[in-house]
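Q: Dumping the structure here so I can ask a few things about it.
Where a number appears in this text, it was derived from the coordinates with a stated rule and is not lab data. Quantities reported herein were computed from a predicted structural model and do not represent experimental measurements. Neighbour counts run over all protein chains shown; Cβ positions are idealised from the backbone, glycine included.
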Amino acid sequence: MSGVGKGVVTASTGALLKECGFRVTALKIDPYINVDAGTMNPIEHGEVFVTKDGAETDQDMGNYERFLNQDIPRVNYMTTGAVYQTVIERERSLGYGGKTVEAVPHIPLEVIGRIKAAQKASDSDITLVEIGGTVGEYQNVLFLEAARMMRRDDPQNVIIVLVSYMPVPASLGEMKTKPTQYAVKALNEVGLFPDLIVARSTHSIDEVRKGKLGTNCGLKGEDVIAAPDVPSIYDVPALFRQQNVPERIMEKFGLPKRCPKHSAWDDFSKHIHRKGKPVKIGIVGKYFSTGDFVLGDVYLCVMEAIKHASWHLGAAPQIEWINSEAIEKKPKDIAKILKGLDGILIPGGFGNRGIEGKIMAIRYAREHKIPYFGLCYGMQLATVEVARHILGWNDANTTEIDKQTAHPVIHLMNEQEERMRNSSYGGTMRLGEYACVLRPGSLAKSLYGHEFVMERHRHRYEFNPMYREELEKAGLQCVGTSPDGKLVEIVEWKNHPFFLATQFHPEFLSRPFAPHPLFVGFVQAAMKNKKR
């Protein structure tokens, strides 16, 4: 089912196989009609992850990059919408030679073609393909048909892994296998038979239930992998390694077993659980709630980047969610709302809801010298805050919020105006990797250690160069720009322990074994602020 952990299972398995010396890549198949993840509400879908080559994808692609420690290109991501769009465009251009084009086999064949193209592009020995959704539902049946066709045509080179939830009802206190047995039955009905079952649960599956699943699902007991809840997703590779998951896969593929005796993931799992000094980071956002529940994965990359940096510095990260609308409702209580935070971060976003609360939080961080880190919208709103409260332009704003403002310190990029006029939204922002040149003597330059960096973008609005000179004189230093100097990429506030904001999204490049330098600097400043 959605959210059960298929992405982490895929990423962890890939990480272990890579550690065993194989070239590995991973693909995500999302069963929705959207062509990509870019136009979906974050509360509906969670975070949008942007690849190096500019694709707006599912957050699982971020997990693949973090665990495999390698860039994953756009060819590794597909949706029902993208597949159908390609097939229809090919039909319109007579790519099928006048034949009748049908859901089967043409859609599955397009899926298979994309999987093979991704494998070829990365020259991988092993390609992991995650099919989103729940087995038995209508949306992903054509992707399962693609898997069936691949298994039929090349049985020695395709194995099927089912990630299934094993509930432990509180009223019973006993793990139940029936839901997984029915999931296997649903898989069998489309012609697929699992080679491995990953038993996700609050608890570790015992031998009795492994045996029951083996008997009823046609597997050996050792082919049922325990995947209980663990404190961190980075514990999963070590957990799978203990159960010889890579060896089981190699055996099924007929490959020589060549896993190392010592794993870096074992060390990392131990490292992150060492007792460190707590550091409390407040994320001020607005995409937190869905009904009665908190949706933490909207800012997944940001949270992971904070964790990576904290662990690197020997700190224990404590992330606190702060709804910017709560600040707007009770602005006089802002000190109480932000009390105890060692650092404040404002992530990316869109639209006007909760914006004034974010600006209040930025002003509070600036005036009280609390380390502040702004990402994308967090950089744009920091610019608005300085324009309003230092330069006295009370109506200063971004034209995303107020098209008629007399001081549009943030405005629409020229190439975006025509697209917006034509209601062209999907895949039309400034997306993917772009260069940034850093000013000598700046905080950003000292953290990166060099003057030229490449970072990933996802935005339509930019710092308005008409106001750059006045904002610089006021104290907002434009320390990172595009190579031609026209676009502002990083701003810093002078005479502050840490006040830095980026137009790009550095969180996309943070990895467990290589935390992003700007996040390291931010957390380090937060730790110093805690002492102060």
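Q: Given just the C-alpha atoms of the stretch 189-231, how large is their convex hull per residue in cubic angstrom?
A: 80 Å³
Q: Along Cα→Cβ, 7 Å out, is where each label goes; now give me the distance between the ones at Asp153 and Lys220 in nm to one decimal.
A: 3.0 nm
Q: Using label points projected 7 Å from each Cα along Cα→Cβ, tell me how many nm separate Leu94 and Val230, to one decimal.
A: Result: 5.6 nm between the two label points.
Q: Could you work out how far apart the two model spin labels at Lys369 and Val101 are, taking each label as a point 7 Å from the Cα in the direction of the beta carbon, and quote it in nm?
A: In this crude spin-label approximation the distance works out to 6.5 nm.
Q: Further question: Counting only DSSP beta bridges with both residues in the chain, tell me the antiparallel percent, nearest 5.
A: Bridges in the chain that DSSP calls antiparallel: roughly 40 percent.
Q: Taking every DSSP beta bridge that has both residues in the stretch 274-531, what percent is antiparallel when rounded to the nearest 5?
A: The antiparallel fraction comes to roughly 55 percent.
Q: Rounded to the nearest 10 degrees, what's the angle between the helix 80-92 long axis and the longest principal axis of the chain, both from Cα atoms, 0 to 90?
A: 80 degrees
Q: Where in the chain lies the longest segment free of chymotrypsin sites (Phe, Trp or Tyr not before Pro) that are both loop residues by DSSP (not H, G, I, E, B) and have at most 14 other Cβ atoms within 10 Å?
A: 139-424
Q: List the longest stretch of the chain that has no exposed loop site; here a site is one of the GluC sites (Glu not before Pro) assigned by DSSP to anything other than H, G, I, E or B, with at most 15 other Cβ within 10 Å.
A: The longest uninterrupted stretch comes out as 175-450.
Q: Could you tell me the relative contact order of the stretch 6-154? Use alpha-carbon pairs under 8 Å, at least six residues apart, and round to a whole percent.
A: 33 percent
Q: Based on alpha-carbon atoms only, what is the radius of gyration of the chain relative to the globular estimate 2.2 N^0.38 Å?
A: This ratio for the chain stands at 1.03.
Q: On to the next question. Scaled to the compact-protein estimate 2.2 N^0.38 Å, what is the alpha-carbon radius of gyration of the stretch 6-154, rounded to two decimal places?
A: Against the compact-globule rule of thumb, the ratio is 1.05.
Q: Test of understanding: ordering Val111, Val4 by Cβ neighbours within 10 Å, fewest first, what list do you get?
A: By the 10 Å Cβ count, ascending: Val4, Val111.
Q: Pick out, in residue order, every one of the trypsin sites (Lys or Arg not before Pro) in the stretch 174-224 that is DSSP loop and has at most 12 other C-beta atoms within 10 Å; say none if there are none.
A: Here the sparse-neighbourhood loop sites are Lys220.
Q: What trypsin sites (Lys or Arg not before Pro) in the stretch 322-353 are in a loop by DSSP, with at most 11 other Cβ atoms within 10 Å of the Cβ?
A: Of the trypsin sites (Lys or Arg not before Pro), the ones in loops of the stretch 322-353 whose Cβ has at most 11 other Cβ atoms within 10 Å are Lys339.
Q: Where does each of Met454, Met166 land when they are ranked from fewest to most other beta-carbon atoms within 10 angstrom?
A: Final ranking by Cβ density, sparse to dense: Met454, Met166.
Q: Evaluate the Debye formula for the stretch 274-531 with equal point scatterers sitting on the alpha carbons, no solvent, and hand back log10 of I(q)/I(0) at q = 0.13, 0.16 Å⁻¹, in q order, two decimals.
A: Debye curve over Cα of the stretch 274-531, log10 I(q)/I(0) at q = 0.13, 0.16 Å⁻¹: -0.80, -1.26.
Q: Right, here's the next one. Using Cα-Cα distances under 8 Å and only pairs 6 or more residues apart, what relative contact order does the chain have, in percent?
A: 14 percent.
Q: Post the alpha-carbon centroid distance, the stretch 6-65 to the stretch 345-361, in whole angstrom.
A: 27 Å
Q: Here is a further query. From the cross-link list Lys116/Lys178; Lys307/Lys528; Lys116/Lys220; Lys212/Lys252; Lys18/Lys270, which pairs have alpha carbons spaced over 28 Å apart?
A: Pairs exceeding 28 Å: Lys116/Lys178; Lys116/Lys220.
Q: So which trypsin sites (Lys or Arg not before Pro) in the stretch 99-145 end up in coil per DSSP with only 14 or fewer other C-beta atoms within 10 Å?
A: Answer by residue number: Lys99.
Q: Could you compute the net charge surrounding Ala55? Neighbours are other residues with a C-beta less than 15 Å from the C-beta of Ala55; K and R count +1, D and E count -1.
A: Here the charged neighbours net out to -3.
Q: So, one more: Taking neighbour counts of Cβ atoms within 10 Å as a proxy for exposure, in what order, fewest first, do Val491, Val520, Val24 appear?
A: Ordered by Cβ neighbours within 10 Å, fewest first: Val520, Val24, Val491.
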